[in-house]
Amino acid sequence: MVSCPTYQVVSGSTVINVGTQGAAAPDLGDERRSQLLTYSVRGQRSIVKQTAIRTGNVLVIVSGSPGLVDANLAKALDKTQAAF
């Protein structure tokens with residue numbers, strides 16, 4: 001998604017403008033990617049952080065408020081690894 005910096009999503013008759021930008025991902029797992037998505041609808045704006053971490057054959061994707069994603073990513077990865 002980061003390769004396309006802006007795009008639109010249509011839901012019913014509502015047009016949602018989306019902006020993307022890469023973000024730093026923590027040094028976890030074998031591969032990692034992170035991005036910030038800015039959604040704009042009728043003057044309202046919301047920012048969502050999406051981070052994906054691959055470790056071995058397990059992929060963990062956490063999305064949400066940027067602060068919450070940063071605060072809970074390592075815990076989510078630990079829980080996933082414990083399950084396998």
Any residue at all in segment 65-76 that is part of a loop (DSSP other than H, G, I, E, B), loosely packed, with under 10 Cβ neighbours inside 10 Å and among the hydroxyl-bearing types (Ser, Thr, Tyr)? no
Can you go through Arg32, Arg45 and tell me which one is part of a strand (DSSP E or B), open to solvent by 40 Å² or more (accessible area, probe 1.4 Å), of a type in the set (Lys, Arg) and in contact with a Pro (Cβ under 9 Å, 6 or more places away or on another chain)? Arg32
Select from segment 21-64 the residues that are in contact with a Phe, Trp or Tyr (Cβ under 9 Å, 6 or more places away or on another chain) and modelled with pLDDT of 95 or more and list them in ascending order. Arg45, Ser46, Ile47, Val48
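The values are calculated or read from the model by the stated rules, or taken from the named source; none is laboratory data. Owing to the predicted nature of the structure, the values given are computational and were not obtained by experimental measurement. Virtual Cβ from ideal backbone geometry, glycine too; neighbours counted across all protein chains shown. Ligands, DNA and RNA are stripped out before the accessible areas are found, and what is left, the full protein with its side chains, is counted by its heavy atoms. Shrake-Rupley method; radii C 1.70, N 1.55, O 1.52, S 1.80 Å.
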